[in-house]
Amino acid sequence: MKKAVFIERDGVLNQAFVNGRQQVGPASLAEFRLQEGVLPLLARLKEAGFLLLVTTNQPGIARGDLSRRELDRMHDQLRRLIPVDDIFICPHDDPDRCPCRKPRPGLFQEARCKWQLNMNASFVVSDKWQDVEAARSAGCTSILIRSAWNGAAHPDLILQDFGSVVEKILSLQPPQAPSQPPSAEALKISSPAKTAPAVRSHPRPRQDACRKGPAASGSRKYSSKAHT
């Protein structure tokens, strides 16, 4: 099974804005700017064998403040600039009570099924308390970057910046044993032992926990109707 680093988009990968007491993401491609220095850090995670999966709540779609076209343009730009493997979006607002809006874990469960992930070996990185709660429900290790949006969350780790997060994740990986050439003994060819012909059986098909069909999270459905 694969391992992943789930990364909150706004405030971690790209610059975000402050509106009153809330952090808000860019509303157009013209406002979309990557955080300085993220590219080489993401490359190190990729080299360590992690999938890079972006998760983001985008309630502006449901509220009518953000068009789906502009969101797609921003994400096309994101894919061109950084080695992201997938982007998971919740386009709903709190009144929708959908399972994919963080702090609910729907986006993470969808990613687990799609990418066949080992959640125990995966990490969730964010500057917001909602991701910490979602990580706990999904079974991942949560790492929070210090910010005004941490809330009262209790992450597994809290660090100063994204660079420190990457260093910590890499330090927690088991060392890889150096590959060694086969010994002379192992290269000796021996006569195969005679065995009885194998009897093929037809086991009952295994029922996968991640069944095909519409995603449970509802993250692929988008509402064009504004919610108040």
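Derivation of every value follows stated rules applied to the coordinates shown; laboratory data play no part. In this text the structure is predicted, and so the values were computed from the model without any measurement. Cβ sites come from the backbone with ideal geometry, for glycine too, and all protein chains shown count toward neighbours.
Brief remarks on what is shown
- Residues (among the small types (G, A, S) and buried (at least 20 other Cβ atoms within 10 Å of the Cβ)) located in segment 113-160: S122, S126, A134, A135, A138, S142
- In segment 2-34, residue surrounded by the fewest Cβ atoms within 10 Å (Cβ to Cβ) [restricted to those that are hydrophobic (A, V, I, L, M, F, W, C) and in a loop (DSSP other than H, G, I, E, B)]: A27
- Selected residue (criterion: farthest from L52 (Cα to Cα)) from residues of segment 108-131 that are in contact with a Leu (Cβ under 9 Å, 6 or more places away or on another chain) and assigned to a helix (DSSP H, G or I): W129
- When segment 48-94 is filtered for residues that are crowded, with 18+ Cβ neighbours inside 10 Å and assigned to a loop (DSSP other than H, G, I, E, B), the ones remaining, listed by number, are F50, Q58, P59, L66, I82, V84, P91, H92, D93.
- Scanning segment 79-127 for residues being closer than 14 Å to A138 by Cα and free of Cβ contacts under 8 Å to residues at least 40 places away in the same chain gives a total of 5.
- Taken over segment 35-47, the criterion of being loosely packed, with under 14 Cβ neighbours inside 10 Å and in a loop (DSSP other than H, G, I, E, B) is satisfied by E36, G37.
- Those residues of segment 128-158 which are among the polar types (S, T, N, Q), in contact (Cβ under 8 Å) with a residue 40 or more places away in the chain and within 21 Å of C100 (Cβ to Cβ), in sequence order: Q130
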